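Step one of this worksheet: look at the structure below.
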Amino acid sequence: MISSPLSDFKHEDFHLAQLFEDNDRFSEFSVSHENLLLDYSKNFVTTETMGTLIELAKEMGLTDAINAMFAGEKINITENRAALHSACRIPEEKNSNTEIVSCLKQMDSFVTAIHSGEWKGYSGNKITDIVNIGIGGSDLGPVFVCDALSSFSTNDIKPHFVSNVDPTDLDNVVAGLDPATTLFIVASKSFKTLETIQNAHAAKNWLLSQSASPECIRNHFVAITTNSAAASEFGIQEQNLFPMWEWLGGRYSLWSAIGLPIALSIGMNHFRQLLAGAHSMDKHFHSTELRKNLPVIMGLLTVWYTGFLNAHSHAVVPYSQKLQRFPAYLQQLYMESLGKNVNKNDEPVTSNTGDVLWGAVGTNAQHSFFQLLHQGTEFIPVDFLGVIKPTSEGNDASRRQQYLLANCLSQSLALMQGNNDSSDQHKKIQGNKPSNILLINELNPYNLGSLIALYEHKTYVQSVIWNINAFDQWGVQLGKVLSNDVFKAFTESGSNVEFDSSTASLIKQIGELLND
Ligand code: F6P
C-alpha cells in the first residue's frame, strides 16, 4: 500500500447517497472537455480526498512525467524508447516529425488509389474488400474504430479482420471473398508475431491457389512494419510498405499506418478528424491543471480504489452498440500497460498496480454480470459510457435511445442508492457502490479520438503514480518463446526441451490425434 492519509479511509463509513444532501456536488465533481462530460460525483470522494489524491500525483511528479512524454523523452526505460503516440496526432501543418507527415501522405495516396479504382486487382478490377491480418495492437484498435464509425464510411469497401491463428478465423473470412478484388494488409510492428505471419502465409497461399500468378502479390498485399527486411522476404514490394516506428507502442498505434483499415473504411478526412479529436485531448491533458484534468481525475480515482481500497477490477460499460468493442480494445491498452510488479527503480512494487478491466455493452450487460455488481461481494467500480445522440435513425430511434440512456443513468443510481426497504435479506441491495458517468454528445470520428486518447492518458497517469513502465510488455514475450518450443514438440523435428509431466503428457495426447 502507498502510505498516505488516504490509507486510513474506510469506505463503510462513507455513504454516497448522503453526500448528495449537498446540492452542489455535481458541479464540484464533474468536469468536461469539448463534447465529453465526466460526472464523478458518485464516487468515494470529498474535496479533501481529491486534494489528497492531487497531492499524491504531485509527489509522484505527474506534471513532469506528462511533460516528459510529450517532449519525447525515453520514458519506456526498459526498451530505451520514447512513447510518442501523441506526435501522430499533431496536425500535419504544425508537425515537425517528417516521418509522420510523410506516412500520412503515403496513406492519403494509397487510400485515393484504392477508392478511385486506380489500384486494381490481378484481373483488372477494383478492390472491394480489405483483410487486415494482425493481432493485439495491430488489430484491436482498427477493428474497434472501424466498427464504431461504420456509419461514416465514404465508400463501399468492406473491412475484414483476421487475428487468431485458429485456422477458422482466416478460413471464415476468405470463404466469402473474391481473391481478384481482395487486398490483404499485413499489420505487424515486428513482422515476427507467430499468428500474423502464419495467417499471412495462409492468405498468400489462398490467393495463389485461386489461379493467380506470383506477381499478383504486388496488387494484393501491403504491410505496415518496422521490419521491412522480413516483409520484403515475404514478398511484399517496397512501394507497398508503410512504416511503423520503435517509439510507437503496438497498443498505442491506431493513429499511424496501423490505422490504414480505418482510413480505407471512413476516408482520410474522417481519419484526420479522429486524429484531431485525440490531439485536442492531448492538449487538454498537457495543459489543464490537475484538478480539472479528465485523464488525471479518472486515473486518480482508479489509483484510489485499486491502491487504497483494494479493488481488484473495474468494469467499463458503454451504453452504445457502436462501442461494443471498446472493452476488448481497452483490455490490451490497460492491462498490457499496467500489469507490472516491478517499479522503475527495479524494485518490487509495494502497492497493487493494474487491476482487471472488463466490461460489455449495456443494456445487455445488465442481464449478465450486473447482478454481481449489485449484490456480489467484490468491490467493483464502474465507468458508464453514454452517447447522447442515437447512432441509428431507425424507426422510433430517439424513443429507444431514451430507454437506453435511462438504463445507463438508472444503473449508476441503483449502484449508489441500493434498496434497504425490504425485510427479506435476499432482496436487500446495499448500494454505496461508486461509478463514473462519461457522456459523449455524439459518436463521430473527432469525439471518438478524444475518448480513446482520454483512456490512453488515464492509463499513463496510473503508471506514473505507481512508478511503473506503461510501455513495455515482457510478460507477453515468455509465452511467445514457450509456444515455439511446444510447437516443435508437435512436429516431426521434435523439441530438445524437457517438459514437465503435465505439458509432456498433453503434448503426447494432442500430437497423437493431430498427426493421425
Ligand atoms: O501482445 C503482445 C504484442 O507484442 C503487442 O504489444 C502487440 O500489439 C502485438 O503483440 C502484435 O505485435 P506485432 O505488431 O509486432 O505483430
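The values are calculated or read from the model by the stated rules, or taken from the named source; none is laboratory data. In this text the structure is predicted, and so the values were computed from the model without any measurement. Cβ coordinates were reconstructed from backbone atoms using ideal geometry, including for glycine residues, and neighbour counts include every protein chain displayed.
Starting from the range 38-58, keep only residues that are assigned by TED's automatic domain parsing to the domain that holds Leu385, then list their pairs with residues that are of a type in the set (Ser, Thr, Tyr) and part of a loop (DSSP other than H, G, I, E, B) whose Cβ atoms are within a distance under 7 Å, requiring at least 6 positions of separation or different chains.
Close Cβ pairs (under 7 Å, with a partner that is of a type in the set (Ser, Thr, Tyr) and part of a loop (DSSP other than H, G, I, E, B)) amount to Thr52/Ser4; Leu56/Ser4.
Quick check on the range 196-249: of everything there that is within 13 Å of the ligand (Cβ to nearest atom) and among the small types (Gly, Ala, Ser), which residue is surrounded by the fewest Cβ atoms within 10 Å (Cβ to Cβ)?
Checked the range 196-249; the qualifying residue surrounded by the fewest Cβ atoms within 10 Å (Cβ to Cβ) is Ala230.
Output the number of the condition that Ala113 fails; it satisfies all remaining conditions of (1) of a type in the set (A, V, I, L, M); (2) under 29 Å from Leu177 (Cα atoms); (3) buried (at least 20 other Cβ atoms within 10 Å of the Cβ).
Status for Ala113: all satisfied but (3).
Condition first: within 16 Å of the ligand (Cβ to nearest atom) and at negative phi. Can you find one or more residues in the range 307-328 that meet it? Walk me through it before giving the result.
Initial filter on the range 307-328 (within 16 Å of the ligand (Cβ to nearest atom)): 325, 328.
Checking the rest, the ones that are also at negative phi come to 325, 328.
Yes: the range 307-328 contains one or more residues that are within 16 Å of the ligand (Cβ to nearest atom) and at negative phi.
Scanning for something surrounded by fewer than 16 Cβ atoms within 10 Å (Cβ to Cβ), away from the ligand (no atom under 13 Å from the Cβ) and under 19 Å from the mean Cα position of the chain (by Cα), does the range 176-187 turn up at least one residue?
no
Taking the criterion of being in a loop (DSSP other than H, G, I, E, B) and either more than 16 Å from the ligand (Cβ to nearest atom) or touching a residue at least 24 places away in the same chain (Cβ under 8 Å) (or both), would at least one residue in the range 451-467 satisfy it? Break it down stepwise before answering.
First pass over the range 451-467, keeping only residues in a loop (DSSP other than H, G, I, E, B): 466-467.
With either more than 16 Å from the ligand (Cβ to nearest atom) or touching a residue at least 24 places away in the same chain (Cβ under 8 Å) (or both) added as a condition, the list becomes 466-467.
So far as the range 451-467 goes, yes, one or more of its residues are in a loop (DSSP other than H, G, I, E, B) and either more than 16 Å from the ligand (Cβ to nearest atom) or touching a residue at least 24 places away in the same chain (Cβ under 8 Å) (or both).
Please enumerate the residues belonging to the range 468-516 that are in a loop (DSSP other than H, G, I, E, B) and in contact with a Leu (Cβ under 8 Å, 6 or more places away or on another chain).
Within the range 468-516, Ile468, Ala470 meet the criteria.
Applying the selection to the range 202-234, what residues are touching a helix residue (DSSP H, G or I) at 6+ places or on another chain (Cβ under 8 Å), free of Cβ contacts under 8 Å to residues at least 40 places away in the same chain and of a type outside the set (D, E, K, R)?
Once the filter is applied, which keeps residues that are touching a helix residue (DSSP H, G or I) at 6+ places or on another chain (Cβ under 8 Å), free of Cβ contacts under 8 Å to residues at least 40 places away in the same chain and of a type outside the set (D, E, K, R), the range 202-234 yields Ala202, Trp206, Leu207, Leu208, Gln210, Pro214, Ile217, Phe221, Ala223, Thr225, Ser228, Ser232.
Checking Asn432 against (1) part of a helix (DSSP H, G or I); (2) at positive phi, which single condition isn't satisfied?
Among (1) part of a helix (DSSP H, G or I); (2) at positive phi, Asn432 violates only (1).
May I ask you to say which residue of Ile54, Ile100 is in a helix (DSSP H, G or I) and in contact with a Cys (Cβ under 7 Å, 6 or more places away or on another chain)?
Ile100
Could we say that Ile100 is away from the ligand (no atom under 16 Å from the Cβ), among the β-branched types (Val, Ile, Thr) and under 22 Å from the mean Cα position of the chain (by Cα) here?
Yes; evaluated as a whole, the condition is true for this residue.
Within the range 131-154, restricting attention to residues that are touching a Leu at 6+ places or on another chain (Cβ under 8 Å) and away from the ligand (no atom under 16 Å from the Cβ), which residue is farthest from Gln273 (Cα to Cα)?
Ala148
Criterion first (surrounded by fewer than 23 Cβ atoms within 10 Å (Cβ to Cβ), out of contact with any Gly (no Cβ under 6 Å at 6 or more places or on another chain), within 19 Å of Phe369 (Cα to Cα) and touching a residue at least 12 places away in the same chain (Cβ under 8 Å)) does Leu404 satisfy it?
So Leu404 passes the test.
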